[in-house]
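Everything below concerns the one structure shown next.
The values are calculated or read from the model by the stated rules, or taken from the named source; none is laboratory data. All figures in this text were calculated on a predicted structure; none of them were measured in a lab. All Cβ positions, even for glycine, are placed from backbone atoms using ideal geometry, and neighbour counts span all protein chains on display. Keep in mind that these areas ignore ligands, DNA and RNA; they rest on the heavy atoms of the full protein, side chains included. Shrake-Rupley method; radii C 1.70, N 1.55, O 1.52, S 1.80 Å.
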Amino acid sequence: MANIAGAPARPSASFLANFNYEKYGLLAVFIMMMIIFYILQLMGYVNNFIEAHNLTNQLRNASILFFIVAGQSMVLLVSGIDLSQGSLLSLSSVVMAQGILDFGLAVGVLMGIGMATMFGFINGYLVGRVKIQPFIVTLSMLFICAGIALVFTGGRTIHQFTGEQKDILQAIGLTDFFHIPGTLFIAIFFFIILYLLTKRTVLGRAIYLTGGNEEAARLSGIDTGKVKLVCYLISGICVGITSFLYLARLPATNGLAGFQLEFQSLAATVVGGTTFHGGEGGVTQAAIGTLFLTFLLNGLILLGVGTFAREVVVGVLLITAVVLSSRKRRE
Amino acid sequence: MSESKNLLRMLKIDKSFPGVHALKEVDFDLGEGEVHILLGENGAGKSTLIKILAGIYHADSGQIEISETPTIIPDARTGRDLGISVIYQELNLVPDLSVAKNIFLGREPVLPGVMRRVDWARVEQESRAIMERLDVKIDVNAPVRSLSVADQQMVEIARALAFDSKILVMDEPTSSLSGHEIEELFKAVTRLREHGVGIIYISHRLEEVHEIGDRVTVLRDGEYMGTWEVKDVELDFLITQMVGRTLDEKFPWTPRARGEVALRVRGLTRNGVFEDINFDLHYGEIVGLSGLVGAGRTEVARAVMGADTVDSGTVEMTNATKEKEEIQKLPHYPLWMALVDVVVFMLALPLFTVIFQGIYDPFTLNMNSPPPLFSANWFYEWILGGPLYNIPNGPTPYIVAAGLALIRQVGLWFLERQYRWRTLVIDFASWYALAIGAMVITSLFTQNFVLEWVMIWGGIAMVAIRFLTILTHERKWTPTLAIRRGLGLLPEDRKTQGLTQVLSVAYNTTSANIRRLIKRWLLNLTMEKDLVDEHINQLKIMTPDQETQIRFLSGGNQQKVVLAKWLFRRANVLIFDEPTRGIDVGAKFEVHSQMLQLAEDGAAVMMISSELPEILGMSDRILVMREGRLTADIDRNEATQEGILRYAMTAD
Amino acid sequence: MSAAASMESEKLILGYPVKDIPWERLLLISAFVVLMIFYTFATENFLTLENFVNVVRRDAWLFFLAYAQTIVIVSAGFDLSQGSIMSVVSVMAWSAMLHFGFFFGFIIGLGIGLLCGVINGFFVGVVRVYPFIATLGMLFIGSGTAQLWTGGLQMGGAREGATLPKHVEEAYVFLAKGNLGPIPFTFIWILIVLATMWYLLKYTRFGTYVYALGGNEQTAISAGINYPAMKIAIFGIGGLLCGFAGLLLSASVSAAGEPRLGGGDQLLQSIGATIIGGTHIFGGRGGVLGTTLGVFLIIFLVNGLNIMGIDTYRQQIIVGLVILVSIWVSTLREQKN
């Protein structure tokens, strides 16, 4: 019997033969996409794509989006789904804004992030411990959070910060260092933390094992319910941080701030290479997916493609990625 | 050959799978109105033969004649059209459709006309006719779900009859039936025989051979041993025919000293699966657990591991602590206490509100008195979120609340033995932190009184959910606990239960004891690499590198990874469930030597196997299970294949 | 029921053996009934014929959506794209009506619903993607397409710009608000669809196969049921009913083409009604009669909140919580097994 049946043979030393397509294929596609947009720019179809100001802005957008994508990745890694991210973002951002108005910056930010964390915990609890289907939990939570956010604001936009508060917020949200947005540093910091968490801690291992095969993980002594709970909790925290950065960039928010943002985060996650089956993907994939989606959408905008057409593009992208990954799985 | 007409003849059927010669020129025939019993050990080739007959497998060589005409059965459909029906052990019915609909599923008769309406009247009528033919009383309009297992089996038989089957294969039909139900089944079989149906009957109960069989054929190791008239043979003769597999395989067995008791199992019972299992496992000992497939061996192993719940019984690991782990249901958190908690919370709410919010009605700033408890207004204001008044209704609720809280605390103290300190603290803290937290956040937004009740009720919902989960939670022996005590299980189905296919060899190897890799808060990947390499070398796992995903490895290497996982865990009581099934000879020997090495190093090993030579070759002591009960505990020196098979197949 | 008929087997109540009686579901439904009684006493005009007629007329779309979800869930599927299908149908049917008149617009609307369903079915049955994921993709594509079609704006209705011709608009509104004699038009629709679906599921080969697929897929396939075709048909019917629901809802939103029509909690409500109505979430069990009950419970829950003067946002929260808890209670037993 061939003992190494089907194992990838790597005899050649050349770069192309050693290239891990599964892992870095999207990175290659991303670079190609950038080149194509650059060529289009040289030909005059696209304005200002590869240009310092635009790149800075897009990196800022990407670094804000990255947090929820990372949260979604965590949840997808344990074969769950978090549909409540968007409305939870609305809720935590309005709570945060109101908190800043009433109690000052620090307390307000903590309140907002705390609110998101709490709902992340509730999601996780219902999925991991009570064992309701993740999809039903988070879909219900979508409406519950959205409802609370709307009740809370009564449809108003909250923006009446004092000048000082505005300055501090924008200093965090909008400062650039040599054209590199400050939020990127926060995102990189968070990326490193999450990377270490997933790759270098017991919890991270448990996440991968639970997502890959829940029964095997349970028989290896892992409390899979707890692991799931923590993943949803992390997703909640990520949403909280996103809502802070969102508020910092644009010191105003309303009850619809995160409307349908979960779709973008799902798309970026799945395009990045984290699958719905769980156990495959990770934070790196989330980062690549985020960059890819952000720049793709930006390029399309500059090409003159409308908002809703972009939504369709996102949908097609998602379903393509899903079909491709599920085909791969079946083989 | 029987005197009646020949329905089926299989000649020189030969079939090989990669690595296994499953059938070696087997002959088989079946006459009209005959019950032909097919006997053989696990893996003797019975099911392969049946699958060839049903068209699921194709014979490598040989001939099948049905009603004296040579036939080729390319697929299951053709098999069915030729009148061959197989009733498998697991029932193939749709639970929510009626009996009649199940019988005719896929071939409903159609009324003439464009609409092609189904002739349900005919479906019902014919189903009823078949039931009459079988002489069983089953309401053909009842959903199959509502029938007993025996009746469901009758429905399967009826379904086969509705196909006009001439040949009916029954694969262990009595394995899940009780005595009375078996009688019913036999009656039905007798009737079928009278109608000229030929029945191939596979059974593990040797008593049944004389009860209903006409002829009996024995297979051994894929070889045809012979066919006899039932009345001419004794059970002992059949057993000797079934065993006698060659023992030429080499097993690395050496005598060892037997140590202390490592695992003590007492009275383990899961209703309908296994009953009153008692055994001890000693350090330095290899115990073989034998029995036929379906006797409940795997289930016992999983129960010992804590993977499945049991109805009663205890598992005791003697290594770590002397404490006894009860695995039967214990009330973890009694109902009355949960109710007290709810009441305390409800009554204490106004108190919290007052503390954190001050005494005023946020909307009207009126100092209204609140509605009386449980009145219609109270319901409106508390449940539906009407204006919330904050003035307590006199001191009574608080006194009651405090009293109840006290009772709760005292109760918890009394229950401490079941309700450990840590759990107690966590429960208490989380419970009150939640309530207080909800109130704090709420009170911060006094102008949004609606948020307030949303938060309150959200908090209550959380608490209620916590109660419900605590209520349903059993204090039980879980895999986590078992592994912490040093137990390890190599499951029968390693692909889905032992390993995570999409993850790497390294991840899988370390999965049972990830903590071992921690160095200064993080996992030390260098150490992991070294340790995993060590295990790969020790077990001679053939893999390109540690990062290779498990699914790219062969079966034997996958099994070695599962073993590596437990070696990495340094488990000292190991249960191997069918450790060598489907793996090649080299890997098999490797697994056996490792097992021996473990025992020599002082671990307690239990091996479940369907292969008698393996059991005889490796075990110091052999336990035999039959239909959910332990029937024998035989020493190595006294064990023979016949003896084991007798315990596994016949009632005492 | 078949209680009396089976003598030998265990005693049956409501078609269930005693140990299988869904106590938790009965409890749930009684809780709703208690709530209704509370509404009746707490408000003046909850329990009036007028209110009943109005509510059923206004929320008729939910019946069709829930029937669609029922047939899909019974076959062990899931349809997340219902809301998007409604939106797409709403805007496209509006455009079609503008050009081809009411009747063809109506037919085209249904056709688009059917098409979306068939695409879902194709992905589930032929490509074999999980229903959950396939319909999630359709959710994206559907809502994007609907927005793209109109540029995100509402078409017709209260907005400026093109409006439907008067007679078309009247016909469209009549679909949702008209009366046939004393009986609201939507009642008739509901009854027709309910009867058809009931007959379809109970007395046709197709219906039997739907239950078979949901109850025991392996058995169904080995009995010779054409899996891809069945999935396409099931999701197709689902899509068709969603399309009809979309038309009804747009008609009652002043006959407009609304690209965000299905963006709200329609999906949650349809799943909620289906599960509360006794359909098992993993398939194989349930039916449209139970779903009808579930729909009634949900729409009157909302109606009662309305009458008590609780605003939409708060209703959203309450309905979300109630459905979450109800689904949990209803699936308790299934999850245990």
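For the reader, a short list of remarks on this structure follows.
- Karplus-derived HN-Hα couplings along the stretch A:190-202 (A = 6.51, B = -1.76, C = 1.60, θ = phi - 60°), whole Hz, x at Gly and Pro: 5, 4, 4, 4, 5, 4, 4, 4, 7, 9, 10, 10, 4
- Values of log10 I(q)/I(0), in the order q = 0.13, 0.14, 0.15, 0.19 Å⁻¹, for the stretch B:179-319 under a Debye, Cα-only, solvent-free model: -0.87, -0.95, -1.00, -1.14
- Summed over both chains, the contact between A and C buries some 3500 Å² of accessible surface at a probe radius of 1.4 Å.
- Put a plus charge on the Cβ of each Lys and Arg, a minus charge on the Cβ of each Asp and Glu, and nothing anywhere else: the dipole of the stretch B:479-594 about its Cα centre is then about 480 debye.
- Integer Hz, Karplus 6.51/-1.76/1.60 couplings in order for the stretch A:53-67, x for Gly and Pro: 4, 5, 4, 4, 4, 5, 4, 5, 4, 4, 5, 6, 5, 3, 4
- Pairs of C-alpha atoms in the stretch C:188-337 farther apart than 26 Å represent 35 percent of all such pairs.
- Summing charges over neighbours of C:Met97, with a neighbour being any other residue whose Cβ is under 13 Å away from its Cβ, gives -1 when K and R count +1 and D and E count -1.
- For the stretch C:41-101 and the stretch A:180-207, distance of Cα centres in Å: 45 Å
- The Rg/Rh ratio of chain C, with both radii computed over alpha carbons and Rh defined as the Kirkwood radius, is 0.98.
- In order along the stretch C:60-74, the phi-based Karplus estimate (6.51 cos²θ - 1.76 cosθ + 1.60, θ = phi - 60°) of 3J(HN,Hα) comes to 4, 4, 5, 4, 5, 4, 6, 4, 4, 5, 4, 5, 5, 5, 4 Hz; Gly and Pro are listed as x.
- Percent of Cα pairs in the stretch A:229-331 per distance bin of 5 Å, from zero to the largest separation: 2, 11, 17, 22, 20, 16, 8, 3, 1, 0.
- Only Lys, Arg (+1) and Asp, Glu (-1) charged, at Cβ; the stretch A:121-258 dipole about Cα centre in debye: 360 debye
- Cα coordinate range in chain A, projected on the principal axes (Å, largest first): 73, 57, 33
- Cα convex hull volume per residue for the stretch A:187-240 (Å³): 67 Å³
- Once the mean of 1/r is taken over each pair of separate Cα atoms and inverted, the stretch C:227-285 shows a Kirkwood hydrodynamic radius of 13.3 Å.
- Overall dimensions of the stretch B:138-219 as given by Cα atoms, namely Rg and Dmax in Å: 12.9, 41
- Chain C - mean residue ellipticity at 222 nm from DSSP helices (-39,500 (n - 2.57) per run, n ≥ 4, rounded to 500): -23500 deg cm²/dmol
- Pairs over the 25 Å Cα-Cα cut-off, from the set B:Lys24/B:Lys51; A:Lys228/B:Lys529; B:Lys5/B:Lys187: A:Lys228/B:Lys529.
- Paired Rg and Dmax values of the stretch A:276-323, which use every Cα atom, in angstrom: 12.4, 38
- Placing unit charges on the Cβ atoms only, positive for Lys and Arg and negative for Asp and Glu, gives the stretch B:1-138 a dipole magnitude near 480 debye about its Cα centre.
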